[in-house]
Amino acid sequence: MPAAASPSRLSRGLWLLPVVALLVHLGLGLARVPGVVFGRRWSDIDDYRARGAAGYFLGGPALRGAEVVQWILANVPADAAVLFRGETNGALEFVPGLIAPRLLVREQAVAADAREHRGRPLARRTEADGQQRPVVVVGLVDDLRLEVR
Amino acid sequence: MSSLSWAERLLLGSLAGIALFAVAAHALLALSLAVPAHLLTGSLLLGLLVPWRIPAMPAAAPAPRWLASALGLVLVAALVAIAHGALATPSRHWDGAVAWDTTARFLVAAPTLEQPYFRDAAVFAHSRDYPLLQPLLVATLERLCGGAGRLLFPGLFALLALLVGTTLRRATANASLAWLGTAATMLTPMLVNPTSGGIDSGYGEGFLLLCTTAIAAGFVQKDARLLLLGTLLAVLVKPEGIVYAGAATAVAFCTAERRLLCGAAAGWLLGAVAWLPLQRGLLQPEAGTSCGWFVVAAGGIGALLACADALARRAALGPRGRLAAAAVLLPVLLLALPLVASGVGASGGAMQSYLAEPGRLLQRSARLPAIVVGVLHYALFRGGFGLAYWLPLVALFGAWSRRASFAALGLFVLAGLGIVVMPFLMGQETDLQHQLRSSMPRLLLHWLGPTMLLGVTMLGQCRERSSTEAQPHRGASPEAQR
């Protein structure tokens, strides 16, 4: 009949438990290196480059509004201020970074007939009647809309 | 890892250089001046040229060559992936893109706060009150390295690896264990995966992890310099940092070692005096950036700590007495500075929003079991942290001899996990499950380094004890063995 393990042998054996935990942890990390650390990172980078920053963040099913950002980038000078209103959580959060160095300025802080904000011209759009009017980006949580003031 | 003094010098020099840059840059910003790019070059050079005193490394058999080579190669591969992830595009994750990158972008164009993005309350600036050190470093590197500002992130990864590796080598006196522990820490999925909060995601979590790990390494190595640098940088990296640094100071008080207490408190209070006036100026430009109230508050807290330490010495308080005294001091240490910041006009910030309605703490106490289950779920059962949080728990089975070297670190980790619960009790968010999902993995990432250091240090001590117990058997006479 085998002898029962002595307490000292038991205590010697117990330090192997954290060794096993450490090795399993390391193994889990190593296993993810090819597929996730490299694979998924490379795939994210390719996706970002293919869709551009606006499309990457605001061109999916969860958040929309990439076309609003692209319109601003194409039509608004870099030193301009762009008005905004609506929900600041969600899609609108991405706009300041995507349109920088243009500034996103709260509509209520700018007088109704103003053409500039602290020396920066307001972003404007020419309407069907030939008039140029300031544009306002409206935050809708999961989308953006471009309106005229 | 046979001769690591160069690595420890590089580590201390880099951290000190970053800290020097941080303090000088914050002073310039408070004076409404621009931060010159070569301030970083000069600070790093100065930090690296200081002849740091490095204690002799405990003797240990070298790790097998194959082990060191294989794990070193994997770490270099991970570093390459992170460097590519950081440099190939701007941030590809939410907070990185909306807050951190945007702040850095405006600082690249003009490295000063005297511009509408920071000073005009009508301008939409996400997380306006967030600490500026990381965007400042990215912007400065961007100007120095021709657009490669996000080199910061692989740099932080490399510093973290050096910190974990050298600390484990010292704490365990076992080169193989140091290599295994370092690789295991650095390959933890939540840190290296391309995910929100990951090291190259652009978030501040990786930098804050470096700070908490430096604090933990300071406790393990009883090195006041690491404690000072860790607490100072933590305050300047993320809003949570000021609370973590306060907790580190409380733990340093428990160690009864005056130099550790001085190191932790000095870094924490200096960081607060450098950052809080700027934060107030960002939230309320009309309030200005005068630091008078913050100097008074920091001086008061410093005096309180000095008195408490002197009284504890006079009463010859043991570890339990100090722990009880620290428990009394803890609310003051954690909340005093954010409360002063709110009191002098910096309301509306992320940290202050938690303090806006103290009654929430009682109203939401019924949530506590669900929050604790959430912490355990994300720490132990989700893949993001592998077995990192299991390791100290499992090591406890084998660690009969409680050594002071990990008592302080264990206390720091426990304090950290306690703090992790607080945002869920005090925050404005009402949907607990959503808050757990979006915040818990990132909050737990802050404590990955201290937890891994704790787990592997305990493991090393279990092994040491096991070897000691085995000695009489090996050394016994042949007669006795028969």
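The values are calculated or read from the model by the stated rules, or taken from the named source; none is laboratory data. None of the values given here were measured: they were computed from a predicted structure. Cβ: placed from backbone, ideal geometry, glycine included. Neighbour counts: every protein chain shown. Side chains included, ligands, DNA and RNA excluded: accessible areas come from the protein's heavy atoms. Shrake-Rupley method; radii C 1.70, N 1.55, O 1.52, S 1.80 Å.
Nearest 10 degrees is fine. How inclined is helix B:133-144 to the longest principal axis of chain B, computing both from alpha carbons?
Value to nearest ten degrees: 80.
Can you give the Rg to Rh ratio for the stretch B:56-213, taking only C-alpha atoms and Rh from Kirkwood? Don't jump to the answer; show the numbers that get you there.
On the way: Rg = 18.2 Å, Rh = 17.0 Å.
Result for the stretch B:56-213 is an Rg/Rh of 1.07.
Nearest 500 deg cm²/dmol is fine: what mean residue ellipticity at 222 nm does chain B get from its DSSP H runs of n ≥ 4 alone, each adding -39,500 (n - 2.57), divided by its residue count? If you can, show how the numbers build up before the last one.
On the way: 23 runs with 342 residues, N = 482.
Roughly -23000 deg cm²/dmol at 222 nm, from the helical runs in chain B.
Under the rule of at least 5 residues apart or a separate chain, name every residue whose amide H is placed under 5 Å from the amide H of A:Arg125.
Answer set, sorted by chain and number: A:Arg133, A:Val135.
Could you state how much accessible area B:Val76 has, in square angstrom rounded to the nearest 10, with a 1.4 Å probe and all protein chains kept in place?
Answer for B:Val76: close to 90 Å² accessible.
If you count the DSSP beta bridges with both ends in the protein assembly as shown, what percent of them are antiparallel, to the nearest 5? It would help to have the intermediate numbers written out before the result.
Values: 11 of 20 bridges.
Within the protein assembly as shown, antiparallel bridges account for around 55 percent of the total.
Quick one: pull the percentage of alpha-carbon pairs in the stretch B:1-114 with a separation above 22 Å. Could you put the intermediate results ahead of the total?
Details: 3812 of 6441 pairs.
Summing the P(r) of the stretch B:1-114 above 22 Å gives 59 percent of all pairs.
Through the Karplus equation 6.51 cos²θ - 1.76 cosθ + 1.60, θ set to phi - 60°, convert the phi angles of the stretch B:52-67 into ³J(HN,Hα) values in whole Hz; use x for Gly and Pro.
Along the stretch B:52-67, the couplings run 4, 7, 10, x, 4, 6, x, 5, 7, 5, x, 5, x, 4, 5, 5 Hz.
Given A:Gly35, A:Ile45, A:Leu58, which one lies farthest toward the positive end of the charge dipole of the stretch A:8-58, if we put +1 on the Cβ of every Lys and Arg and -1 on the Cβ of every Asp and Glu?
Value: A:Gly35.
Taking all protein chains together and a probe of 1.4 Å, list A:His25, B:His434, B:His93 from the most accessible to the least accessible. Please report the intermediate quantities before stating the final value.
Details: A:His25 5, B:His434 80, B:His93 30 Å².
In descending accessible area the options line up as B:His434, B:His93, A:His25.
In the stretch A:8-58, what percent of the accessible surface is made up of carbon and sulfur (1.4 Å probe, ligands and nucleic acids excluded)?
66 percent
Under a 1.4 Å probe, what is the accessible area of the stretch A:8-58 per residue, stated in Å²?
Details: 2500 Å² over 51 residues.
Here the residues of the stretch A:8-58 average 49 Å² of exposed surface.
Roughly what angle does helix B:432-445 make with the longest principal axis of chain B, taking Cα atoms, 0 to 90 degrees, to the nearest 10?
Orientation of helix B:432-445: about 60 degrees from the principal axis.
Rounded to the nearest 5, what is the percent of antiparallel bridges among the DSSP beta bridges in the stretch A:66-148?
On the way: 10 of 19 bridges.
Just about 55 percent of them are antiparallel.
How large is the charge dipole for the stretch A:8-58, taken about the Cα centre, if only the Cβ atoms of Lys, Arg (+1) and Asp, Glu (-1) carry charge, to the nearest 20 debye?
Working: 7 positive and 3 negative charges, 52 e Å.
For the stretch A:8-58, the charge dipole is close to 240 debye.
Could you tell me the total accessible area buried at the A-B interface, probe 1.4 Å, in square angstrom to the nearest hundred? Numbers along the way, then the final one.
On the way: alone 9970 and 20200 Å², together 25450 Å².
Chains A and B together bury roughly 4700 Å² of accessible area.
Grab the beta carbon distance between B:Glu114 and B:Ala61, set R0 = 45 Å, and tell me the FRET efficiency rounded to 0.05.
My answer for the efficiency is 0.20.
Which value results when the Cα radius of gyration for the stretch A:5-101 is divided by 2.2 N^0.38 Å? Numbers along the way, then the final one.
Values: Rg = 25.0 Å, N = 97, 2.2 N^0.38 = 12.5 Å.
Scaled against compact globular proteins, the figure is 2.00.
How tilted is helix B:152-172 with respect to the longest principal axis of chain B? Cα atoms for both, answer in degrees (0 to 90, nearest 10).
With rounding to tens, the tilt is 30 degrees.
Quick check: pseudo-label points 7 Å beyond the Cα along Cα→Cβ at B:Val328 and A:Thr126, how many nm apart are they?
Rounded to a tenth, the inter-label distance reads 7.7 nm.
Please grab the % of Cα pairs in the stretch A:8-58 that end up more than 18 Å from each other.
Details: 744 of 1275 pairs.
Cα-Cα pairs of the stretch A:8-58 separated by over 18 Å account for 58 percent.
For the stretch B:185-251, evaluate the Debye formula with one uniform point scatterer on each Cα (no solvent term) and list log10 I(q)/I(0) at q = 0.16, 0.17, 0.20, 0.21 Å⁻¹, rounded to two decimals.
Result of the Debye calculation: -0.53, -0.59, -0.77, -0.82.
List the relative contact order of the stretch A:66-148 as a percent without decimals, with contacts defined as Cα pairs under 8 Å and 6+ residues apart. Display every interim value, and only then the final one.
Details: 141 pairs, mean separation 31.8, N = 83.
Taking the mean separation of contacting Cα pairs over the length of the stretch A:66-148, I get 38 percent.
For the modelled label position 7 Å from the Cα of A:Asp79 along Cα-to-Cβ, which residues of the stretch A:91-122 have backbone nitrogen atoms closer than 20 Å?
What the label zone holds, given the 20 Å backbone N cut-off, is A:99-105, A:114-122.
Based on the Kirkwood radius over alpha-carbon pairs, what is the Stokes-Einstein translational diffusion coefficient of the stretch B:209-352 at 20 °C with 1.002 mPa s viscosity, in µm²/s? Mind showing how you got there, number by number?
On the way: Rh = 15.1 Å.
Result for D is 142 µm²/s.
Quick query: amide H of A:Asp143 versus all other amide H atoms, modeled in the peptide plane; which residues come in under 5 Å with a sequence gap of 5 or more or a different chain?
For A:Asp143, the qualifying residues are A:Arg64, A:Ala91.
For chain B, take the convex hull of the Cα atoms, compute a quarter of its surface area, and give me that in nm², please. Before the final figure, lay out the partial values.
On the way: hull surface 99.1 nm².
Its average projected convex-hull area is 24.8 nm².
Grab the eigenvalues of the alpha-carbon gyration tensor for the protein assembly as shown, scale each by 5, take roots, and send me the semi-axes largest first in whole angstrom. Spell out each step's value before the answer.
Numbers: eigenvalues 420, 153, 104 Å².
Equivalent ellipsoid of the protein assembly as shown: 46, 28, 23 Å, largest first.
Can you find, among B:Ala336, B:Ala88, B:Leu411, the residue farthest towards the positive end of the dipole of chain B? Put +1 on the C-beta of Lys and Arg, -1 on that of Asp and Glu.
Most positive-ward Cα: B:Leu411.
Using only the alpha-carbon atoms, what does the stretch A:66-148 span along each of its principal axes? Please give whole angstrom values in decreasing order.
Cα extents, longest axis first: 31, 28, 21 Å.
Which one, B:Ala370, B:Ser69, B:Ala122, projects farthest toward the positive side of the charge dipole computed for the protein assembly as shown from Cβ point charges (K/R +1, D/E -1)?
B:Ser69
State, to one decimal in nm, how far the label point of A:Asn89 lies from the label point of B:Arg437, with both points 7 Å from Cα in the Cβ direction.
Taking the two extended label points, one gets 1.4 nm.
Rounding to the nearest 20 debye, state how big the charge dipole of the stretch A:66-148 is about its Cα centre with +1 on each Lys and Arg Cβ and -1 on each Asp and Glu Cβ.
Values: 10 positive and 12 negative charges, 68 e Å.
For the stretch A:66-148, the charge dipole is close to 320 debye.
Work out from phi, with θ = phi - 60° and the Karplus expression 6.51 cos²θ - 1.76 cosθ + 1.60, the ³J(HN,Hα) of each residue of the stretch A:24-40, listed in order in whole Hz, and give x for Gly and Pro.
These are the phi-based 3J(HN,Hα) values: 5, 4, 4, x, 4, x, 4, 4, 8, 4, x, x, 9, 4, 8, x, 5 Hz.
Considering only protein heavy atoms, with the full assembly of protein chains and a 1.4 angstrom probe, order B:Trp94, B:Trp275 by accessible area, largest first.
Values: B:Trp94 90, B:Trp275 10 Å².
In descending accessible area the options line up as B:Trp94, B:Trp275.
Going from most exposed to least, what order do B:Lys222, B:Lys238 have by accessible area with a 1.4 Å probe? Mind dumping the intermediate values first?
On the way: B:Lys222 80, B:Lys238 10 Å².
Listed by decreasing accessible area, they come as B:Lys222, B:Lys238.
Counting Lys and Arg as +1 and Asp and Glu as -1, each charge on the Cβ, what is the dipole of the stretch B:274-381 about the Cα centre in debye, to the nearest 20?
Numbers: 8 positive and 3 negative charges, 85 e Å.
Here the size comes out at about 400 debye.
Please list, by residue number, everything in the stretch B:239-257 whose backbone N is under 15 Å from a paramagnetic label point 7 Å out along Cα→Cβ of B:Arg313.
The answer is B:253-257, whose backbone nitrogens lie closer than 15 Å to the label point.
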